[in-house]
Amino acid sequence: MKHLVRSQGFGAIIGVVVMLITFTLIDFSGWWTNQTVANVSQFTAILAFVAMGQALVIMTKEIDLSVGSVYGLAGVAFITLEPAIGVPGSFVLALPSSRLSDFFRRSRWSRANCRR
């Protein structure tokens, strides 16, 4: 038990449990509806896929911290474009734009490393 309490993620687990208890006490009928649980599960699954991809990159000893910025840029581009051109069009434009920005970032980084 001492090992569990001293582990690095124990504080995060306690924080999540405290938040769930607090939200349940404040608004039980609105928090535990099927729609709320489905929304939380959906958004958590998206972040879980990004985290698994980042973990695979780190396990191959290729530390790449740009995943968060590319993910954020794709989200901002999608939300910005969606009212004007709809979901399919914003999806088609948001992913390549974030990929293009990552390509430029990587090419700048590789040129900087070649100059050394």
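Just a few scattered comments:
- Dipole of the chain [Lys/Arg +1, Asp/Glu -1 at C-beta], most positive-end residue of 42, 24, 91: 91
- Percent carbon-and-sulfur accessible area, the chain, ignoring ligands, DNA and RNA, probe 1.4 Å: 73 percent
- Simple Cβ-charge dipole of the chain, Lys/Arg +1 and Asp/Glu -1, about Cα centre, in debye nearest 20: 800 debye
- Here is the size of the chain from its Cα atoms: Rg then Dmax, 19.8, 61 Å.
- Placing a pseudo-label 7 Å from each Cα along the Cα-to-Cβ vector at residue 7 and residue 45 gives an inter-label distance of 2.6 nm.
The values are calculated or read from the model by the stated rules, or taken from the named source; none is laboratory data. It should be emphasised that the depicted structure is a prediction, and the values quoted were computed from it without experimental measurement. Positions of Cβ are generated from backbone atoms using ideal geometry, with glycine treated the same way; all protein chains shown enter the neighbour counts. For the accessible areas, the whole protein counts, side chains as well, though only heavy atoms, and no ligand, DNA or RNA atoms are used. Shrake-Rupley method; radii C 1.70, N 1.55, O 1.52, S 1.80 Å.
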